[in-house]
1. I124 versus (1) among the β-branched types (V, I, T); (2) under 15 Å from the mean Cα position of the chain (by Cα); (3) modelled with pLDDT of 90 or more: which is the lone unmet condition?
2. Looking only at region 19-28, decide whether some residue is under 12 Å from Q90 (Cβ atoms), surrounded by fewer than 17 Cβ atoms within 10 Å (Cβ to Cβ) and small (G, A, S).
3. Do any residues in region 33-55 that are in contact (Cβ under 8 Å) with a residue 40 or more places away in the chain and hydrophobic (A, V, I, L, M, F, W, C) have Cβ atoms under 7 Å from those of residues that are part of a loop (DSSP other than H, G, I, E, B) and open to solvent by 40 Å² or more (accessible area, probe 1.4 Å), where the two are at least six apart or on different chains, and which pairs are they?
4. So, of the residues in region 29-51 that are over 23 Å from Q99 (Cβ atoms) and modelled with pLDDT of 90 or more, which turns out to be least open to solvent (accessible area, probe 1.4 Å)?
5. Can you find even one residue in region 76-87 that is open to solvent by less than 30 Å² (accessible area, probe 1.4 Å), aliphatic (A, V, I, L, M) and either in contact with a helix residue (DSSP H, G or I) (Cβ under 7 Å, 6 or more places away or on another chain) or more than 20 Å from Q153 (Cα to Cα) (or both)?
6. So, D96, is that one under 18 Å from E42 (Cα atoms), surrounded by 15 or more Cβ atoms within 10 Å (Cβ to Cβ) and in contact (Cβ under 8 Å) with a residue 12 or more places away in the chain or not?
Amino acid sequence: MSTLPVVAQVILPFVGLRYEAISDPDLETLVYKNLPAGMVSEGGSIVGEVDIPQPLAVSWYRLGNVHYMWFEKILSNVITERPKGLKNHQTILVLDAVQLPDGEFYLLRGCERNGEQDPEIFVIGGNTDPDSEWVSEFEQVWRANQQTEKLEQVSPVGIRCENPVWGI
């Protein structure tokens, strides 16, 4: 595997998609507007600073049996106080998207690159050993490059992540 970053292949029609995510204390689930029919959210994470006007995020989605990772920009985040709590209404733009491998896998964030925490690194792996504190073998390693606003597949050399099932 080359040590040079590889820019992910663009997955259309997701790139450029604007959608809304609404959490409301009067609703039991997060509501999405303008997502493709059948698209299901499987989580996500802010990349870098959260307290900036338009933070970046990586989110995971499933459409049928196909999984995707999206690099996104939160264009607006309107928080309104309601009697039962806060309503949060986000408008999100998909900057880049990749299809993830078939089969069972896990996604980890908050990994180290050469001993330093790197918030831009997201890894895809196949299984974890509960006897090991660190995971260092992955199917894929992605960098959510904040400068280029692209997903780049990178070499796993020097990457390790805390094992979420260690000691369980």
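The values are calculated or read from the model by the stated rules, or taken from the named source; none is laboratory data. The structure displayed is predicted, hence computed values, not measured ones. Cβ sites come from the backbone with ideal geometry, for glycine too, and all protein chains shown count toward neighbours. These accessible areas exclude ligands, DNA and RNA; they are computed on the full protein's heavy atoms, side chains included. Shrake-Rupley method; radii C 1.70, N 1.55, O 1.52, S 1.80 Å.
1. Going through (1) among the β-branched types (V, I, T); (2) under 15 Å from the mean Cα position of the chain (by Cα); (3) modelled with pLDDT of 90 or more one by one, I124 breaks only (3).
2. Yes, some residue in region 19-28 is under 12 Å from Q90 (Cβ atoms), surrounded by fewer than 17 Cβ atoms within 10 Å (Cβ to Cβ) and small (G, A, S).
3. Filtered contacts from region 33-55: V47/Q146.
4. This residue is V31.
5. Filtering region 76-87 down to residues open to solvent by less than 30 Å² (accessible area, probe 1.4 Å) leaves 85.
Still in the running and aliphatic (A, V, I, L, M): none.
Checked region 76-87: no residue is open to solvent by less than 30 Å² (accessible area, probe 1.4 Å), aliphatic (A, V, I, L, M) and either in contact with a helix residue (DSSP H, G or I) (Cβ under 7 Å, 6 or more places away or on another chain) or more than 20 Å from Q153 (Cα to Cα) (or both).
6. Numbers: under 18 Å from E42 (Cα atoms): yes; surrounded by 15 or more Cβ atoms within 10 Å (Cβ to Cβ): yes; in contact (Cβ under 8 Å) with a residue 12 or more places away in the chain: yes.
Yes.
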